[in-house]
């Protein structure tokens, strides 16, 4: 069976190469089994295939129907999707803990790398004669898959499905001064006060150290085991990154300085709305006052929340003058009359419906961007990592409200939802934010495709890298220069002090009366 599958993969690759005389050969290494990550990468991979490039993707989410110029290397049997499989206990006990979260994602991605490269279909690709013009990898928990770029001697482009991760700057030499650039886990925007700057700086140092220990060193060991002992140190590969795509946009996350080879493509996953299933559409259109859409995304199972908290949701929803669409994974015998439940709902399509009044969410970046794109106000209940900042960014624009999970009550939830229902400023601000988010010279997909083809045309983009790439921290922060200047200033001040002291002694010595000297 394996031989037949491998043969088919190689034949498909061979055919796509023959069928395109101008397209480049592109490899995407995205074995991640989280759908919220994959939809970002998939959007660009499919767009490049549509441009006539020959795209091969290592993925846990193979296409259901064949796509021209696109070849899956399916690893889903080794990494089943985690959609609708994460319970609230894992969220609260692991993912919401910054230290545990970092170790969790580092270990998870390293496991993906170790298992992926062992698979026969991946080994078949590595042993074939195919060459690639560019290799895509994910920046997330570990950079263990950049070895494919080294193996194929191809330019490296990396992508983030999130906003800018703290460990992404070094590879492009981008500025990340913690005095005014908040980390993605900081729910702040604009100028930070002393406490916020202190916390931001501590987290900045923390992530630098933890990344080296839990990600950089283990990933380097993996690369040498998998691609040979002569493989250069992992940072030598990373510091040759040609381009980094970040799923972000300044209209939402705030402005920050970016080097030329770090490009914002926020919202690339957002597709044109499709028809809504008839039962859901009927429920929406028959609502006289509009609809609230409540979901915690593709991974967290809302049904695993404590019963008392679920009861709060039910009681509050029953009081609302609008209907509620609730993504819920189980049966609900005591469901309020104005609530419609389903274990799956087309989020993008629902958010785009004109009767959608409120989006209630955990603050996942993709859902936030879809709500912003559609101009829908947000009520958020964040749990971990960037979710606090994602919701706060919307709230700071006057288009949403953030609630605390641990102190949530009927009163706080009802007041938040009722405020958005009765106060039109939230809707107006959401539409203004949507306009700023959409106003770009090129859309997200066009931007990513352009820069990918730029890297291919120039066979890499080393000319875009700043001199800060690979610079030791003490040089980057001018510690040597500051020490030198401080030394010069100290010497000059000491010389001045010595001269003044000497002159003072001579002056005071001359001024002493002669009769006193005799005494």
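The values are calculated or read from the model by the stated rules, or taken from the named source; none is laboratory data. Note that the coordinates shown come from a computational prediction; the quantities given were computed from them, not determined experimentally. In this analysis, Cβ positions are derived from the backbone assuming ideal geometry, glycine residues included, and neighbour counts consider all displayed protein chains.
As for segment 296-305, it holds at least one residue that is on the phi > 0 side of the Ramachandran plot and crowded, with 18+ Cβ neighbours inside 10 Å. Taken together, the residues in segment 190-211 that are assigned to a loop (DSSP other than H, G, I, E, B) and surrounded by fewer than 17 Cβ atoms within 10 Å (Cβ to Cβ) amount to 3. Here segment 150-182 is the region considered, the condition is being under 19 Å from residue 251 (Cβ atoms) and within 19 Å of the chain's Cα centre (by Cα), and the residue that is surrounded by the fewest Cβ atoms within 10 Å (Cβ to Cβ) is 181. The set of residues from segment 148-168 being in contact with a strand residue (DSSP E or B) (Cβ under 9 Å, 6 or more places away or on another chain) and either in a helix (DSSP H, G or I) or farther than 30 Å from residue 388 by Cα (or both) comprises 148, 149, 150, 151, 152, 154, 155, 156, 168. When the test is whether a residue is surrounded by 21 or more Cβ atoms within 10 Å (Cβ to Cβ) and either in contact with a strand residue (DSSP E or B) (Cβ under 8 Å, 6 or more places away or on another chain) or closer than 26 Å to residue 368 by Cβ (or both), residue 185 does not pass it. In segment 232-350, counting only strands (runs of 3 or more DSSP E) that sit wholly within it, the ones holding 3 or more residues that are closer than 30 Å to residue 188 by Cβ span 241-246, 262-264, 291-294. Considering each residue of segment 403-418 in turn, at least one proves to be in the same structural domain as residue 293 (by TED's automatic domain parsing), farther than 26 Å from residue 277 by Cβ, in contact with a strand residue (DSSP E or B) (Cβ under 7 Å, 6 or more places away or on another chain) and free of Cβ contacts under 8 Å to residues at least 60 places away in the same chain. Just one residue in the set 91, 75, 134, 122 is closer than 20 Å to residue 445 by Cα and either buried (at least 19 other Cβ atoms within 10 Å of the Cβ) or modelled with pLDDT of 90 or more (or both); that residue is 134.
Being more than 26 Å from residue 167 (Cβ to Cβ), part of a helix (DSSP H, G or I) and at pLDDT 90 or above is a description that does not apply to residue 455. All conditions but one from (1) surrounded by 14 or more Cβ atoms within 10 Å (Cβ to Cβ); (2) farther than 30 Å from residue 168 by Cα apply to residue 492; the one that does not is (1). Annotation: of all residues in segment 31-70 being farther than 24 Å from residue 126 by Cα and not in a helix (DSSP H, G or I), the one that is modelled with the lowest pLDDT is 34.
Listed here are the residues, each with its yes/no results for (1) buried (at least 20 other Cβ atoms within 10 Å of the Cβ); (2) touching a residue at least 40 places away in the same chain (Cβ under 8 Å).
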| position | (1), (2) |
| --- | --- |
| 309 | no, yes |
| 315 | no, yes |
| 341 | no, no |
| 372 | yes, yes |
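The single condition among (1) touching a strand residue (DSSP E or B) at 6+ places or on another chain (Cβ under 6 Å); (2) at pLDDT 85 or above that residue 86 does not satisfy is (2). Residues that are buried (at least 16 other Cβ atoms within 10 Å of the Cβ) and in contact with a helix residue (DSSP H, G or I) (Cβ under 7 Å, 6 or more places away or on another chain) were ranked within segment 105-119; the one that is nearest to residue 62 (Cα to Cα) is 116.
Do we have residue 102 as under 30 Å from residue 185 (Cα atoms) and either at pLDDT 80 or above or in a helix (DSSP H, G or I) (or both) here? Here the answer is yes, as residue 102 does meet what is asked.
Against the definition (modelled with pLDDT under 95 and surrounded by 19 or more Cβ atoms within 10 Å (Cβ to Cβ)), how does residue 359 come out, yes or no? The answer is no for residue 359.
Go through (1) in contact (Cβ under 8 Å) with a residue 24 or more places away in the chain; (2) over 20 Å from residue 301 (Cβ atoms); (3) in a helix (DSSP H, G or I) one by one and return the number of the condition residue 357 breaks. Checking residue 357 against (1) in contact (Cβ under 8 Å) with a residue 24 or more places away in the chain; (2) over 20 Å from residue 301 (Cβ atoms); (3) in a helix (DSSP H, G or I), the one that fails is (3). In the set 214, 222, only one residue is surrounded by 15 or more Cβ atoms within 10 Å (Cβ to Cβ) and within 21 Å of the chain's Cα centre (by Cα); that residue is 214.
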